[in-house]
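To start, the structure under review is shown below, and the notes come after it.
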Amino acid sequence: MTVNLLDLDLEGLTVFCERLGEKRFRAVQLFRWIHQKGARQFDEMTDLAKSLREKLKTSARIEPLAVVSQHISSDGTIKWLFDVGGGNAIETVFIPEEDRGTLCISSQAGCAVGCRFCSTGHQGFSRNLTTGEIVAQLWFAEHFLRRHLQRDERVISNVVMMGMGEPLQNYGELVPALRVMLDDHGYGLSRRRVTVSTSGIVPMIDRLAQDCPVALAVSLHAPNDALRDTLVPLNLKYPLAQLVAACHRYLAFAPRDFITFEYCMLDGVNDTDACARQLAERVKAHPGAWCKFNLIPFNPFPASGLLRSKPERVQAFARILNDAGITTTVRKTRGDDIDAACGQLAGDVKDRTKVMVRMERNRTLRPHALQVSANTDTGVSA
Ligand code: SAH
Ligand code: SF4
């Protein structure tokens, strides 16, 4: 079996080349061909000795993901569906803006966390993606876009691990992929422009701080444990006080001087003035202006049984946080006409975890904590 070179960061590729009897600078050349030039065939790599190219042909491969479909939104957002085998497909989204190009990458086929408001969570979990499958999303998108836009320079300036999956539950495969993104011989992205978004795996936040401190976004969604338990089941394991403390610790290593908290605005569930005030109190328990809030208007999908908060409510919520001295922005929805917006990525996942059974059990555990208004309280577990 040949080695998929997309699975390797530069260190890994150096070890691989040494085994072939090649020096480190050959690994650097090879790495640049793959990631900077988007080469797929070893014969393209004309400055490598023919003998090395022959060795590579028998021992290595550069394996892209198979594109199942591509959708382009009226706002320019592009969504790709990639086949990852075994009946599973994952999604990747490119979001063009005036001053940047952001790629939203998946880390798992499905997700085992099972958040109530998330379409991926409703699909259940199939498996972790490999480093190569995480990197292949960027490799494909960057080089596809350069060809398409006829540009020589970089198109993707930012990566957010906000596609399908919980990146910190796939830590071992995630970290080498992040290193490829950051490497100057790879994509050369700044740590500030690579964001890991997590629902809050506390010990892994501390490990990320040591191993590869990129920008951190944490999905909070509730100001207290009773409510968060019902929305993000992981909260039962890592409750809010522990999570917020871990975020504060991360700050000493973070490439920016703040942590971003994401908060999905659910009508009548977590969007009241009281919630906003409680939230402000919670983060202010740690001194300094150390976090920002990003309010995400809920993107509905049929099985959720939840509704998006009204724009006035979102504004009022943002005002309370801002007045408390916490910088708060409201995320613009992009690509919703092609189901590419936050939380709408469902791909095609062969669930192996009986997610619906778990969701139902969790919902009935603490029904009092969910204040879904009467007219929306149907089909929650459908
Ligand atoms: N698992 C990670 C990253 C993927 S989800 C996490 O949870 O952080 C990326 C972001 O989309 C998270 O903040 C998540 O809470 C949000 N999200 C999920 N479903 C959503 C929905 N239906 N509408 C709006 N945002 C959603
Ligand atoms: Fe998983 Fe994130 Fe969706 Fe929660 S919001 S189910 S952690 S992908």
Averaged per residue, the 1.4 Å probe accessible area of the chain, protein heavy atoms only, in Å², is roughly 42
If one computes the Cα centroid of the stretch 150-183 and of the stretch 93-123, what distance in Å separates the two points? 12
Segment D211-D337, extension gain: residue separation times 0.36 nm, minus the distance between their alpha carbons: 41.6 nm
V15 paired with A226, simple spin-label distance in nm, labels 7 Å along Cα-to-beta-carbon: 5.0
Most mobile of H35, H185, H148 per a Gaussian network model of the chain (Cα springs, under 10 Å)? H148
With a 10 Å cut-off between alpha carbons and a GNM built on the chain, which of G132, G121, G188 moves the most? G188
Between the Cα axis of helix 171-182 and the main Cα principal axis of the chain, the angle (0 to 90°, nearest 10) is 70
Exposed-site-free run, longest, the chain (rule: trypsin sites (Lys or Arg not before Pro); DSSP loop; at most 16 other C-beta within 10 Å): 41-150
If r is the Cβ-Cβ distance from D43 to E153 and R0 is 22 Å, what FRET efficiency results, to the nearest 0.05? 0.30
Quick one: of the DSSP bridges fully inside the chain, what percent are antiparallel, nearest 5? 45
Could you name the lysines in cross-link range of K57, using Cα to Cα under 25 Å and dropping any fewer than eight places away on the same chain? K23, K37
Straight-line reach from K284: which aspartates and glutamates fall under 14 Å, measuring Cα to Cα and dropping same-chain residues less than 8 apart? D323
Once you mark the GluC sites (Glu not before Pro) that are in a DSSP loop and have at most 16 other Cβ atoms within 10 Å, what is the longest gap between them in the chain? 154-382
Given the options L234, T198, Q150, identify the residue whose Cα lies farthest towards the positive end of the charge dipole of the stretch 66-370 (+1 on Cβ of Lys, Arg; -1 on Cβ of Asp, Glu). L234
Be a star and scan the stretch 301-345 for residues whose amide nitrogen sits under 15 Å from the point 7 Å along the Cα-to-Cβ vector of D273. 312-324
Cα-Cα over 22 Å, subset of K310/K332; K237/K310; K79/K237: K237/K310; K79/K237
Place +1 on the Cβ of every Lys and Arg and -1 on the Cβ of every Asp and Glu in the stretch 66-370, take the dipole about the Cα centre, and give the residue among A276, F317, N224 whose Cα lies farthest towards its positive end. N224
Ignoring everything except DSSP H segments at least 4 long, calculate the 222 nm mean residue ellipticity for the chain; use -39,500 (n - 2.57) per segment, divide by total residues, nearest 500. -10500 deg cm²/dmol
Give me the one-decimal nm value for the distance between modelled label points at D351 and F25, 7 Å along each residue's Cα-to-Cβ direction. 5.6
Computed magnitude of the charge dipole of the chain (debye, nearest 20; Cβ of K, R +1, Cβ of D, E -1): 460
Per the 1.4 Å probe, what fraction of the accessible area of the stretch 3-61, in percent, lies on carbon and sulfur atoms? 51
Taking the chain as a Gaussian network, where each spring joins two C-alpha atoms under 10 Å apart, which residue of I105, I90, I62 fluctuates the most? I62
Rank these residues by their accessible area, most exposed first, probe 1.4 Å: F293, F16. F16, F293
How far is helix 50-59 tilted off the main Cα axis of the chain, in degrees rounded to 10, range 0 to 90? 50
Quick calc: nm separation of the 7 Å Cα→Cβ label points for D99 and S59 -> 4.6
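The values are calculated or read from the model by the stated rules, or taken from the named source; none is laboratory data. Being a predicted model, the structure only gives us computed values, none of them experimental. Note: ideal-geometry Cβ built from the backbone for every residue, glycine included; neighbour counts use all protein chains shown. Heads up: the accessible areas ignore ligands, DNA and RNA and are worked out on the full protein's heavy atoms, side chains in. Shrake-Rupley method; radii C 1.70, N 1.55, O 1.52, S 1.80 Å.
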